[in-house]
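In what follows, a single structure is set out as structure tokens and then discussed.
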Amino acid sequence: MQNIITPDFVAFLRDQFLLDWKGIHGVSHWARVRRNGLLIAKDNGADSSVIEYFSFLHDSRRFDEDFDPDHGKRAAEFALALRDSYVGLSDASFSLLVTACEGHTHEGYHDDVTIQTCWDADRLDLGRVGIIPDPDRMCTGKGKQLALS
């Protein structure tokens, strides 16, 4: 299996990240989203490459730890800028990544299982900010199951 999240990629993200690297939207959160997403993908067959990129990009363009409604859009734009350097996906998978990043904070549901998995993976880590993940807000069966456990 190809190593998607390389040390060079992580170093690049750290250099450009504007918030606390170890803060609530930093690298530890990204790693937990990755773990959650890959666990769900084993159950539903979602595109694990998209999930890996999503986990490390979805909050990478936050300017504020609290209210930052445009960070998903900025993350999608950032992914576009990295397409030829760090993000190696087919056109179809790349489109899923962009959609997942853009909608992860304000969309409730999407028909695509990979996007569903990305969003559930992020929502399952809400406990870090004192919010219990709501099974009714999960898109996937495994996400609902994990939110209940």
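The values are calculated or read from the model by the stated rules, or taken from the named source; none is laboratory data. Because the structure is a prediction, the values reported are computed rather than measured. Cβ coordinates were reconstructed from backbone atoms using ideal geometry, including for glycine residues, and neighbour counts include every protein chain displayed.
Condition first: touching a Lys or Arg at 6+ places or on another chain (Cβ under 7 Å) and outside any helix (DSSP H, G or I). Now tell me which residues in the stretch 19-37 satisfy that. Selection gives 19, 21, 24, 25.
Here is a yes/no grid of residues against (1) at pLDDT 95 or above; (2) touching a strand residue (DSSP E or B) at 6+ places or on another chain (Cβ under 8 Å); (3) crowded, with 18+ Cβ neighbours inside 10 Å:
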site	(1), (2), (3)
108	no, no, no
111	yes, no, no
115	yes, no, yes
119	yes, no, yes
123	yes, no, yes
126	yes, no, no
137	yes, no, no
149	no, no, no
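Answer with yes or no whether residue 10 is touching an Asp or Glu at 6+ places or on another chain (Cβ under 9 Å), of a type in the set (A, V, I, L, M, F, W, C) and touching a residue at least 24 places away in the same chain (Cβ under 8 Å). Taking the combined requirement at face value, the residue does not satisfy it.
Quick check on the stretch 34-56: of everything there that is surrounded by 18 or more Cβ atoms within 10 Å (Cβ to Cβ) and charged (D, E, K, R), which residue is farthest from the chain's Cα centre (by Cα)? The qualifying residue farthest from the chain's Cα centre (by Cα) is 47. Here 59, 15 are screened, and the one residue that is more than 24 Å from residue 141 (Cβ to Cβ), exposed (fewer than 14 other Cβ atoms within 10 Å of the Cβ) and modelled with pLDDT of 95 or more is 15.
Among the residues of the stretch 45-103, those identified as closer than 14 Å to residue 4 by Cα, among the small types (Gly, Ala, Ser) and in a loop (DSSP other than H, G, I, E, B) are 85, 88, 90. Among the residues of the stretch 96-106, which ones are modelled with pLDDT of 95 or more and either of a type in the set (Lys, Arg) or over 12 Å from residue 53 (Cβ atoms) (or both)? Result: 99, 102, 103, 104. Within the stretch 89-106, the set of residues being more than 21 Å from residue 44 (Cβ to Cβ) and either touching a residue at least 24 places away in the same chain (Cβ under 8 Å) or crowded, with 18+ Cβ neighbours inside 10 Å (or both) comprises 102, 105, 106.
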